[in-house]
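*Asks:* Take a look at the following structure, please.
The values are calculated or read from the model by the stated rules, or taken from the named source; none is laboratory data. No experiment lies behind these values; they were computed from the predicted model shown. When we count neighbours, we look across all protein chains shown, and the Cβ atoms used for this are built from the backbone with ideal geometry, even at glycine. Surface accessibility is based on the protein's heavy atoms, side chains included, excluding ligands, DNA and RNA. Shrake-Rupley method; radii C 1.70, N 1.55, O 1.52, S 1.80 Å.
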Amino acid sequence: MAAWRQFISVAKPYWLGDKRKSAWGLLALLVVLMLAETQFAVMLNNQAGEMTSALSARDGARFWSNVRACLAVLVFAVPIYAFYYYMRDAFSNHWRRWLTGRFLDGYLSGRKYYELNSSGDIDNPDQRISEDINSFTGRSIHFLLIFLGSAMQLVAFSAVLWSISRTLVAFLAVYAIVGTVVALWVFGSPLIQLNFWQLRREADFRFGLMRVRENAESIAFYRGESQERKQIERRFDAVFANYMKLIKKQRSLNLFQRGFSQLTLVVPSVILADGVLSGQLEVGRAVQAAGAFAAVLSAVALIVDNFESLSRFVAGIGRLHALSELVLKVPGAAEPAGTQQWIESREGDCFMLDTVDLYTPQAERLLVKALSLQLNPGDGLLITGVSGCGKSSLLRAIAGLWRTGSGTVQHPPLGTVFFLPQRPYLQHGTLRSQLIYPSPDTGLSDERLLEILKEVRLEDLAERVGGLDAVQDWEKLLSVGEQQRMAFARVLVREPQVVILDEATSALDSASEAALYQRLRDSRTTLISVAHRAAVLRYHDQVLELTGGGAWQLYDAKGYQFDG
């Protein structure tokens, strides 16, 4: 029941939302195709029985008449069968596209992707979106249709079976109920739990391999292969151990399933033997009964036959539901329950901090206490202090990424604030897309973009890579210094009111650093910088020194000296 409630929570928006007409229409088409397929299956089963009876009676005319009828049925049955499976997969694919879009909207809005990765509340959200949604939509359609198909099959073949032997119908009912109860009671919860952990362990293992690929150069410089091997092997050991538990439980399930299904091969013949041997029942009717018995059994024993895949499906539902609870919250929902205070963020004409207390995300450590300051448009603030005192954390609070604490951060509209990290993010795309990031397009001409590259001392880059439309792996192509120049180029493209720099010139030579800072000061941009070089002092008006334990001091930049 818990899995069912989770399934409804994830699936309901598609079936009752803006896509409900196409969803129900496609389902109706699939039901019609399934009805036709079931009817053809009944007709083919009857023809098989008739052909057997004709052979038994040595009636050639009757036999060939039924062969022709069987071939006529196949002419229609085969295309419908193929079209049914095509529509089933297409339906699943459309649902996946819609559900993936919904989760991406929630994941990328309000910086929830950042909160999830910082808090660690949920593991591998990327795998849940890419794989669990695919599994959810595909298996949902699969199980929905096989349940509907089984219901149709049950009705259609029960009528055939009832007309031949009511004893067989009664035996089937009792047999299927007992088998289903045993499967749920003995194998249900353990298999679901093991499949849930298997999905998680596999995702952790893949994540470890991804980290090696993404940090290949650093690992190579450190010669850290043995350490990485230990980390990856530890993750794989968890995959291996859990899978061993899983296959042992599945071995027991397979024994049960095999015995459950194989026993029924004998039962129809035993029950019908007296009628056939006494001549009251044709051999062909016995064949019909056996076929109908197998069809009805597969319908009523659906859970037993599909229990392994059902358990994997239920485990995936739990993972997807947990993600939906975090990323699909209603906008404007109340803050998390409890006594925890949060830093308030509001828009204003100037940048200001009002009595800000800042803690680490889980409130383990106080970073800044009762910080108050104001920056007028065009002013510059340099933040400095010993390593680990909270400089970058304060920038995160200013940007609204960290909110654990109290007080108020006032800032100009966020669209006018631009952040430059120490290691810029470069996506895989064209040179033009790197310059205008994060905007998808720009009104600037190609000539202006080339001028901006020249201003940040990357004048030969466009010619070197093949123009603004060249696509490269920019993180590998550009040095860290060139990447920092590219980040400054983005500032010149956007012309923001406030620029926040987190050691954004650490890889630049002094001349380039001075030129870029001077370019920002000339444009009357408000600067908030984290830096440790005395050379950048002259581009700022105030210095905020964090001394640890929440303490801080505010100085005039003129005359300030770094320790040593």
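*Asks:* Considering only the stretch 56-70, I want to know if a residue exists there that is in contact (Cβ under 8 Å) with a residue 40 or more places away in the chain and in a helix (DSSP H, G or I).
*Replies:* Checked the stretch 56-70: at least one residue is in contact (Cβ under 8 Å) with a residue 40 or more places away in the chain and in a helix (DSSP H, G or I).
*Asks:* Another question, then. Taking the criterion of being under 28 Å from ILE133 (Cα atoms), within 24 Å of the chain's Cα centre (by Cα) and in contact (Cβ under 8 Å) with a residue 12 or more places away in the chain, would at least one residue in the stretch 73-84 satisfy it?
*Replies:* Checked against the condition, which is being under 28 Å from ILE133 (Cα atoms), within 24 Å of the chain's Cα centre (by Cα) and in contact (Cβ under 8 Å) with a residue 12 or more places away in the chain, the stretch 73-84 yields no hits at all.
*Asks:* Just to be sure I understand, how many residues within the stretch 353-362 are open to solvent by 10 Å² or more (accessible area, probe 1.4 Å) and either among the aliphatic types (A, V, I, L, M) or assigned to a strand (DSSP E or B) (or both)? Break it down into steps so the answer makes sense when it comes.
*Replies:* Residues of the stretch 353-362 open to solvent by 10 Å² or more (accessible area, probe 1.4 Å): 354-355, 357, 359-362.
If we keep only those that are either among the aliphatic types (A, V, I, L, M) or assigned to a strand (DSSP E or B) (or both) as well, we get 354-355, 357, 359.
The qualifying residues number 4.
*Asks:* Pick from the stretch 228-286 the residues that are among the polar types (S, T, N, Q) and modelled with pLDDT of 80 or more: which of them is surrounded by the most Cβ atoms within 10 Å (Cβ to Cβ)?
*Replies:* Going through the qualifying residues, I end up with ASN242.
*Asks:* Give me the residue from the stretch 401-418 that is at pLDDT below 85 and within 20 Å of GLU503 (Cβ to Cβ) and, out of that set, nearest to the chain's Cα centre (by Cα).
*Replies:* Going through the qualifying residues, I end up with LEU401.
*Asks:* Further, regarding this structure: If the requirement is being of a type outside the set (A, V, I, L, M) and under 30 Å from GLY106 (Cα atoms), which of these qualifies: TRP64, TRP15? Steps first, please.
*Replies:* On the way: TRP64 fails: under 30 Å from GLY106 (Cα atoms).
Result: TRP15 is the single residue among TRP64, TRP15 that is of a type outside the set (A, V, I, L, M) and under 30 Å from GLY106 (Cα atoms).
*Asks:* Still on this model: Are there any strands (runs of 3 or more DSSP E) wholly within the stretch 363-426 with 1 or more residues that are of a type in the set (Val, Ile, Thr), in contact (Cβ under 8 Å) with a residue 40 or more places away in the chain and farther than 16 Å from TRP342 by Cα, and if so which?
*Replies:* Values: elements: 366-375, 380-385, 405-411, 417-420.
The strands (runs of 3 or more DSSP E) meeting that bar are 380-385, 417-420.
*Asks:* Tally the residues that are of a type in the set (Ser, Thr, Tyr), surrounded by 16 or more Cβ atoms within 10 Å (Cβ to Cβ) and either at pLDDT 90 or above or over 13 Å from VAL10 (Cβ atoms) (or both), restricting the search to the stretch 106-136. Give the derivation first.
*Replies:* First, pick out the residues of the stretch 106-136 that are of a type in the set (Ser, Thr, Tyr): 107, 109, 113-114, 118-119, 130, 135.
Narrowing further to those that are surrounded by 16 or more Cβ atoms within 10 Å (Cβ to Cβ): 107, 113, 135.
Restricting the remaining residues to those that are either at pLDDT 90 or above or over 13 Å from VAL10 (Cβ atoms) (or both) gives 107, 113.
Here the count works out to 2.
*Asks:* Starting from residues that are open to solvent by less than 70 Å² (accessible area, probe 1.4 Å) and aromatic (Phe, Trp, Tyr), keep the ones in the stretch 195-215 and report whichever is modelled with the highest pLDDT.
*Replies:* PHE205
*Asks:* Taking VAL456 as the residue in question, decide whether it is of a type in the set (A, V, I, L, M), surrounded by fewer than 15 Cβ atoms within 10 Å (Cβ to Cβ) and under 30 Å from GLU214 (Cα atoms). Spell out how you get there, then give the answer.
*Replies:* Working: of a type in the set (A, V, I, L, M): yes; surrounded by fewer than 15 Cβ atoms within 10 Å (Cβ to Cβ): no; under 30 Å from GLU214 (Cα atoms): yes.
Spelling it out, it is not the case that VAL456 is of a type in the set (A, V, I, L, M), surrounded by fewer than 15 Cβ atoms within 10 Å (Cβ to Cβ) and under 30 Å from GLU214 (Cα atoms).
*Asks:* Also, quick follow-up: Have a look at PHE103, PHE76, PHE147 and point out the one that is surrounded by 19 or more Cβ atoms within 10 Å (Cβ to Cβ) and of a type outside the set (Lys, Arg).
*Replies:* PHE103
*Asks:* Then there's this: Quick test of your reading of the structure: LEU381 fulfils all but one of (1) within 28 Å of the chain's Cα centre (by Cα); (2) surrounded by 15 or more Cβ atoms within 10 Å (Cβ to Cβ); (3) not basic (Lys, Arg). Name the failing condition by number.
*Replies:* All conditions are met except number (1).
*Asks:* Hey, can you tell me all the residues within the stretch 1-28 that are loosely packed, with under 12 Cβ neighbours inside 10 Å and not in a helix (DSSP H, G or I)?
*Replies:* Answer for the stretch 1-28, where residues must be loosely packed, with under 12 Cβ neighbours inside 10 Å and not in a helix (DSSP H, G or I): MET1, GLY17, ASP18.
*Asks:* It is to be established whether one or more residues within the stretch 29-39 are touching a helix residue (DSSP H, G or I) at 6+ places or on another chain (Cβ under 7 Å) and either without any contact (Cβ under 8 Å) to a residue 12 or more places away in the chain or of a type in the set (Phe, Trp, Tyr) (or both).
*Replies:* No: zero hits.
*Asks:* Of all helices (runs of 4 or more DSSP H) completely enclosed by the stretch 459-564, which ones contain at least 1 residues that are open to solvent by less than 70 Å² (accessible area, probe 1.4 Å) and of a type in the set (Gly, Ala, Ser)? Outline the logic, then answer.
*Replies:* Values: elements: 461-465, 474-477, 480-494, 510-522.
Counting at least 1 such residues, we get 461-465, 480-494, 510-522.
*Asks:* Here's something else I'd like to know. Look through the stretch 29-57, keep the residues that are of a type in the set (Gly, Ala, Ser) and buried (at least 16 other Cβ atoms within 10 Å of the Cβ), and return whichever of them is nearest to CYS70 (Cα to Cα).
*Replies:* Narrowing the stretch 29-57 to residues of a type in the set (Gly, Ala, Ser): 36, 41, 48-49, 53-54, 56-57.
Next, from what is left, pick out any that are buried (at least 16 other Cβ atoms within 10 Å of the Cβ): 36, 41, 48-49, 53-54.
Details: ALA36: 15, ALA41: 11, ALA48: 8, GLY49: 11, SER53: 15, ALA54: 14 Å.
Result: ALA48.
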